[in-house]
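What follows is one structure encoded as structure tokens, with my remarks underneath.
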Amino acid sequence: MAETSETAEKTTTAGAFDIRTIIGGLMGIYGVILLVMGLWFTDASEIDRADGINLNTRVSIGLLVFAAIMLAWVFLRPLRVPVEQDDSERPE
């Protein structure tokens with residue numbers, strides 16, 4: 001019961017090594033690429049093949065929303081990782 005002071009560990013955030021950061025960043029990059037392709041490089045024949053829908057822009061919006069959710073999750077609920085203490089830092 002008195003071990004609470006001894007078990008208190010220092011923690012740090014995972015930062016860029018958090019998998020949510022990597023997934024959110026990649027989905028954001030893919031979303032931006034698809035948005036550029038959908039707005040400036042999609043011709044009428046490609047839109048006609050998709051029943052008049054510009055799929056590149058719709059999918060890019062979905063990817064960008066997903067990326068924003070993932071990155072917001074990282075910033076609102078950061079992953080805490082325990083920090084190992086050296087022998088010089090441990091209380092005696």
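Listing for the model above:
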read-out	value
Long-range HN-HN contacts of L79 with modeled amide H, under 5 Å	A14, G15
Region 9-92: chymotrypsin sites (Phe, Trp or Tyr not before Pro) in DSSP coil with no more than 15 other Cβ atoms inside 10 Å	F41
Radius 15 Å from Cβ of F75, net charge of other residues (Lys, Arg +1; Asp, Glu -1)	+2
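Any read-out appearing in this document is the output of simple, stated calculations on the displayed coordinates, not a laboratory observation. Everything numeric here is computed off the predicted structure, so don't read it as measured data. When we count neighbours, we look across all protein chains shown, and the Cβ atoms used for this are built from the backbone with ideal geometry, even at glycine.
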